[in-house]
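The values are calculated or read from the model by the stated rules, or taken from the named source; none is laboratory data. None of the values given here were measured: they were computed from a predicted structure. Positions of Cβ are backbone-derived with ideal geometry, glycine not excepted, and every protein chain shown enters the neighbour counts.
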Amino acid sequence: MENQVSYSVIPSGELRCVWMDAGIAGFKLCDQEFRCDSCEFNKSVTQQQTEKTLSLSQEDREPLSNNKAITAEGLFRRTLKNNLDGLRSFEVPHDRMFTRSHFWIKQNEAGEYRIGINHIIANFFRPILNIVISKAPINIHKHDPFCWIILPSGAITLRSPLDAIISRFNPALHQKPNLLSTSPFEEGWIMEVSAKSKGLNGFISSVDSRQLMERMLHNVEHSFTQAFRHLHPTAGTTLFDGGIGLDNVESILGSKVYLGVVNRILHLPA
């Protein structure tokens, strides 16, 4: 059998480019005597390979990007947003009307009206230690206090959304006060009243309730964020450089400030 002779396309003694040996370049002879730092071809290929590597590894690196340094206010806003997002997706009942002060009202078969609070403000009444209410029946005027929600941090005052005669309060709230926050539209109703129809002028129908709830959520977010900025005017520390760890809105603001914000939210125009 005849001996086979191999022929190389690369002349003997010529320098092969390192990128050719690496399998990146199909054919490239080095004319820089391996001084890669001054080689334009080397710079071009290095840049291309870097961009390619970043592109291919982007998906793998995505979870790490969530842990990048973030300011204390950024973490607070994210904590608050997570809280409010669940409220935004909640579908309110369509068989009642709503007020800008977070109350709802629904007429019963006897012609009286049942009144409670909406899910937005109820979310911030947790846990409830006790509920203190007036005696019934009793005449009450709009904006008069009629109920006090006792939280671990203090009391929240509820004021009447209309002129009415309170015929009775929800007896279930004596034994299970947390129904007010866990079932605000059903078992956690507050009182039943007799009222004239003209006293319902300030209530909004369920048709317009979505826009109303969105304005309420905006007010809640703005109020808590302003309170945080007042407490931490230069909040720039992060979880990665010794900053505060964020668990929930109340623990961040402190009970006293949190209670003050919730009380103010109850009386903000939507």
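Are any residues in region 56-79 in a helix (DSSP H, G or I) and either surrounded by 15 or more Cβ atoms within 10 Å (Cβ to Cβ) or modelled with pLDDT of 75 or more (or both), and if so, which ones?
ALA72, GLU73, GLY74, LEU75, PHE76, ARG77, ARG78, THR79
Go through (1) out of contact with any strand residue (DSSP E or B) (no Cβ under 8 Å at 6 or more places or on another chain); (2) part of a loop (DSSP other than H, G, I, E, B); (3) more than 26 Å from SER206 (Cα to Cα) one by one and return the number of the condition ALA110 breaks.
The single condition ALA110 does not satisfy is (3).
Just the residues that are touching a strand residue (DSSP E or B) at 6+ places or on another chain (Cβ under 8 Å) and either crowded, with 16+ Cβ neighbours inside 10 Å or assigned to a strand (DSSP E or B) (or both), please, taken from region 144-158.
Hits for region 144-158 are PRO145, PHE146, CYS147, TRP148, ILE149, ILE150, ALA155, ILE156, THR157, LEU158.
For residues in region 127-143 being surrounded by 14 or more Cβ atoms within 10 Å (Cβ to Cβ) and under 33 Å from the mean Cα position of the chain (by Cα), which is nearest to SER194 (Cα to Cα)?
Applying the filter and picking the extreme gives ILE133.
List the residue pairs whose Cβ atoms are under 6 Å apart, where the first residue sits in region 99-117 and is over 16 Å from PRO184 (Cβ atoms) and among the polar types (S, T, N, Q), the second is modelled with pLDDT under 90 and not in a loop (DSSP other than H, G, I, E, B), and the two are 6 or more positions apart or on different chains.
none
Within the set of pairs 6 or more residues apart or between chains, which connect a residue that is at negative phi and assigned to a loop (DSSP other than H, G, I, E, B) inside region 80-91 to a residue that is surrounded by 10 or more Cβ atoms within 10 Å (Cβ to Cβ) and of a type outside the set (A, V, I, L, M, F, W, C) with Cβ atoms less than 9 Å apart?
Sorted first by the residue in region 80-91, then by its partner, the pairs are PHE90/HIS119.
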